[in-house]
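Visitor: One structure is given below, represented as structure tokens, and several questions about it will come after.
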Amino acid sequence: MSLEPDDLLAIGEVVRRSGVPATALHFYEQLGLIASTRTTGNQRRYRRHMLRRISLIVVAKRLGIPLTDVHEVFQSLPVDEPPSQRDWQRVAKLWRAQLDLRRTQLEHLRRELTGCIGCGCLSLKACRLLNPEDALSIDGPGPRRI
């Protein structure tokens with residue numbers, strides 16, 4: 001049996017192979033992350049090479065990469081044919097920069113939280129995260145010092 005990148009797979013097979021529920025596949029398709037064709041009976045069929053895109057979506061989600069970022073990167077990939085090695089290298093390069101930045105941010109957060117949680121300060125007079133009178137609220141919502 002030949003396994004070609006353009007072989008068409010039923011949605012049940014894609015669910016089984018990827019571990020991603022059909023509802024998520026429909027959602028990813030609505031976002032333009034993956035694509036399917038339709039049979040004469042209006043059933044979805046996915047090209048086998050979509051499994052790689054779906055796998056990358058799953059991994060990106062595990063790493064906390066927003067789907068909007070995945071969409072941005074996938075814009076440069078062909079949908080109607082398997083991406084080339086050059087295409088994947090370009091995507092890897094884009095994500096490498098994002099992951100390096102995310103790693104730096106997480107390491108900074110870990111240092112801050114270790115110092116803050118581990119300091120044992122009960123008076124909070126010297127805490128870098130102290131925000132008397134909620135003064136930082138003028139800068140907008142969300143954390144400001146971490």
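Visitor: For the range 13-41, how many residues are open to solvent by 60 Å² or more (accessible area, probe 1.4 Å) and touching a helix residue (DSSP H, G or I) at 6+ places or on another chain (Cβ under 8 Å)?
Guide: 4
Visitor: Sort out which residues of the range 76-107 are open to solvent by less than 40 Å² (accessible area, probe 1.4 Å) and either modelled with pLDDT under 85 or in a loop (DSSP other than H, G, I, E, B) (or both), and write them in order of number.
Guide: Leu77, Pro78, Pro83, Val91, Trp95
Visitor: Please go through the range 10-48 and give me each residue that is among the polar types (S, T, N, Q) and within 18 Å of Pro78 (Cβ to Cβ), ordered by number.
Guide: Ser36, Thr37 - these are the residues of the range 10-48 that are among the polar types (S, T, N, Q) and within 18 Å of Pro78 (Cβ to Cβ).
Visitor: Which ones in the range 108-146 are at pLDDT 80 or above and surrounded by 12 or more Cβ atoms within 10 Å (Cβ to Cβ)?
Guide: Result: Leu109, single match.
Visitor: Within the range 46-75, track down each residue that is open to solvent by 60 Å² or more (accessible area, probe 1.4 Å) and touching a strand residue (DSSP E or B) at 6+ places or on another chain (Cβ under 8 Å).
Guide: Arg47
The values are calculated or read from the model by the stated rules, or taken from the named source; none is laboratory data. Every value quoted in this text rests on a predicted model; they were computed, and no experiment measured them. Positions of Cβ are generated from backbone atoms using ideal geometry, with glycine treated the same way; all protein chains shown enter the neighbour counts. We work out accessible area using only protein heavy atoms, side chains counted, and drop any ligands, DNA or RNA first. Shrake-Rupley method; radii C 1.70, N 1.55, O 1.52, S 1.80 Å.
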